[in-house]
Amino acid sequence: MRILAVDPGEKRIGVAISDPTGTIANPLTVIRHTSRLNDATHIAQMTTFHEVDLIVIGQSFDENGQPTFEGRRAGRFADVLHTQTDIPIILWDEGFSTQDARLARISMDVSRKKRSGHMDELAATVILQSYLDAQVSHI
């Protein structure tokens, strides 16, 4: 089962994809945000090209378990994406995915200069790996 993860941001959208067994997450690309409909259409095309079976969209929550402003934006993006594809979509708590991506780059000894770039596709990878790991723990 191949799974695509989306980390929707205000300016860029990080995208990651699993291996065919649905075990390992890998960064795929970053899409520059234009509009929800255009972005959703682009993601839907990617799912067809990569033969994706499930889409996971990162959603952030506050300390009370309610979606944050960005989390509500992710929910609206999921709604628009539903109009572009029949592939199941899951909203997944993205809790600290960008921070985790930054820490991963530090642990890989990436130089400070190279770390200053965008974390979007790595954040999507962190979200996807979190989802994949949670599925294994449910087996």
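Figures for the structure shown
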quantity	calculated
Meets criteria (under 13 Å from the mean Cα position of the chain (by Cα), surrounded by 15 or more Cβ atoms within 10 Å (Cβ to Cβ) and in contact (Cβ under 8 Å) with a residue 40 or more places away in the chain) for Ile31	no
Count of segment 66-93 residues which are hydroxyl-bearing (Ser, Thr, Tyr) and within 17 Å of Arg2 (Cβ to Cβ)	1
Some residue of segment 53-76 being among the hydroxyl-bearing types (Ser, Thr, Tyr), free of Cβ contacts under 8 Å to residues at least 40 places away in the same chain and within 17 Å of Glu121 (Cα to Cα)	yes
Residue within segment 62-70 that is among the aromatic types (Phe, Trp, Tyr) and more than 17 Å from Ile90 (Cα to Cα) present	yes
Residue selected from segment 106-124 under the condition in contact with a helix residue (DSSP H, G or I) (Cβ under 7 Å, 6 or more places away or on another chain) and modelled with pLDDT of 60 or more, by the criterion nearest to Leu28 (Cα to Cα)	Leu122
Some residue of segment 71-91 being of a type in the set (Phe, Trp, Tyr), touching a strand residue (DSSP E or B) at 6+ places or on another chain (Cβ under 9 Å) and either at pLDDT 95 or above or over 14 Å from Gly9 (Cβ atoms) (or both)	yes
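The values are calculated or read from the model by the stated rules, or taken from the named source; none is laboratory data. Everything numeric here is computed off the predicted structure, so don't read it as measured data. A quick note on method: Cβ atoms are made from the backbone with ideal geometry, for glycine too, and the neighbour counts reach across all protein chains shown.
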